[in-house]
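A quick write-up on the structure given underneath.
The values are calculated or read from the model by the stated rules, or taken from the named source; none is laboratory data. On a predicted model such as this, the values are computed, not experimentally measured, just so you know. Here the Cβ positions follow ideal geometry from the backbone for every residue, glycine too, while neighbour counts run over all protein chains shown.
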Amino acid sequence: KAGIILNTQKYQECVDFLMSQLHHQDEEVLSAMFLTNHNELIEYQEISVGSSIFVNVPTRELTKIALNNNAKHIILAHNHPRQSPKPSAQDKQVTERIKVIMQGLNLQITDHIIIGNGHYSFLDNGLI
């Protein structure tokens with residue numbers, strides 16, 4: 001495993017923080033944690049708000065924020081309001097697309113965490 005996930009305590013803190021930010025939302029919200037090369041949090045930001053079943057992923061905005069903050073690692077997060085956190089086929093496709101784009105800019109998607117009735121980690125499930 002890579003990045004912030006190496007430290008179980010920090011990982012749980014990350015999940016708890018994301019739960020506090022996203023669990024109560026009625027619409028899908030895409031957010032990101034921007035981290036240094038040493039996995040220190042630079043900034044948390046909500047990137048996009050969608051409907052109850054969909055959120056747009058503005059890769060240009062995500063890239064701009066990461067580069068402006070000199071981030072090296074990004075933890076993506078979004079919610080499934082009042083639903084299972086299991087990723088959809090579209091969640092998987094979009095995550096892979098973002099991962100490829102960010103690699104070209106020397107940025108690493110460390111994880112993608114979905115918050116719903118519980119949480120789902122792409123890293124923990126071998127999808128990143």
Which members of the range 22-43 meet the condition of being under 19 Å from T110 (Cβ atoms), modelled with pLDDT of 85 or more and charged (D, E, K, R)? E43
Complete set of residues in the range 94-128 that are in a loop (DSSP other than H, G, I, E, B) and either of a type in the set (F, W, Y) or out of contact with any helix residue (DSSP H, G or I) (no Cβ under 9 Å at 6 or more places or on another chain) (or both): G104, N106, N117, F122, N125, G126
Within the range 71-93, the count of residues that are part of a strand (DSSP E or B) and on the phi > 0 side of the Ramachandran plot comes to 0
Could you check how many residues of the range 86-115 are over 13 Å from the mean Cα position of the chain (by Cα), touching a residue at least 12 places away in the same chain (Cβ under 8 Å) and surrounded by fewer than 20 Cβ atoms within 10 Å (Cβ to Cβ)? 5
